[in-house]
Structures are given as C-alpha cells and as structure tokens.
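Below: the structure, in structure tokens.
A short reminder: the numbers here are calculations on the coordinates, not readings from a lab. All values reported here derive from a predicted model rather than from experimental measurement.
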Amino acid sequence: MPVPIDFMRGLVGVIGIGCAFMLARAVAAVRQGRVRISKVYGWLIRLTLCMAAVWYPVRGSIDTADLVIWTLAAAAFAAGYWDATRVKKQEDLTHEIFPDSDEEPK
C-alpha cells in the first residue's frame, strides 16, 4: 500500500521544524562561543533540505501546508533561540542529598 505524498510532506515538515529549533540553539551556542560554526552549517543544510522537500511535490506553487510548516519552523527557531539564550536557574539539591543533621532519620 503506497504512502500518500501529503503524509510524507507532513513528516518531513515535522523533521524540518525540529531542525529549525536545533539551528537556533546552535546559533546561540556559537554566539556564546561554546561550539564551532560547522554545527550551524550542518543544521542549516538539514533545515534547507527539509523545507525544500516540503515545497517540491506541490506542482510549482505554494499551498497552505507549506505556509503552516514554514510558520511553525519560524516559531520553533524563535523558541529555540530564546531557550538557549535565557539564564537558567541552578537548582540547589544540597538539602535533599545531605539532610540537615538536626532532623532524625526516618
């Protein structure tokens, strides 16, 4: 049983949305000096191929599915960049690992 081309376009689109998220994280990491620029190029190539594959089967025109997937990819890029650049609060587990000596063991 053949798989419908629209299902394959959606599947590649979801992979492309994930690539957009990871591209944004890589861009933020390069700006912070944590990784090399080659990681950005790798995610950029993956994203470009996925977004082109979403567009290609449509007889030369852009349809609603293309616009929805590209918009979600842009939103994923923004969310990935925001997530990678914000300062994360360090969780203090000292009291859970080493209970206070005042308390009796249970």
- Under 5 Å from the placed amide H of Val35, counting only residues 5+ away or on other chains, we find Val30
- Contact order relative to length for the chain, counting C-alpha pairs under 8 Å separated by 6 or more residues, stands in percent at 38 percent
- Message: Please list, in order along the range 25-32, the HN-Hα scalar couplings obtained from phi with the Karplus expression 6.51 cos²θ - 1.76 cosθ + 1.60 (θ = phi - 60°), rounded to whole Hz, x for Gly and Pro.
- Response: 5, 5, 4, 5, 5, 5, 5, 8
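Take the alpha carbon gyration tensor of the chain, find the square roots of its eigenvalues, order them as a ≥ b ≥ c, and report rounded if a/c is under 1.5; if not, report prolate when a/b exceeds b/c, else oblate. All intermediate terms of the calculation are to be shown ahead of the outcome.
Working: a/c = 3.69, a/b = 2.22, b/c = 1.66.
In terms of gyration-tensor shape, prolate.
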- Query: 222 nm [θ] for the chain, helices only, -39500 (n - 2.57) per DSSP H run of 4+, per residue, to 500?
  - Reply: -23000 deg cm²/dmol
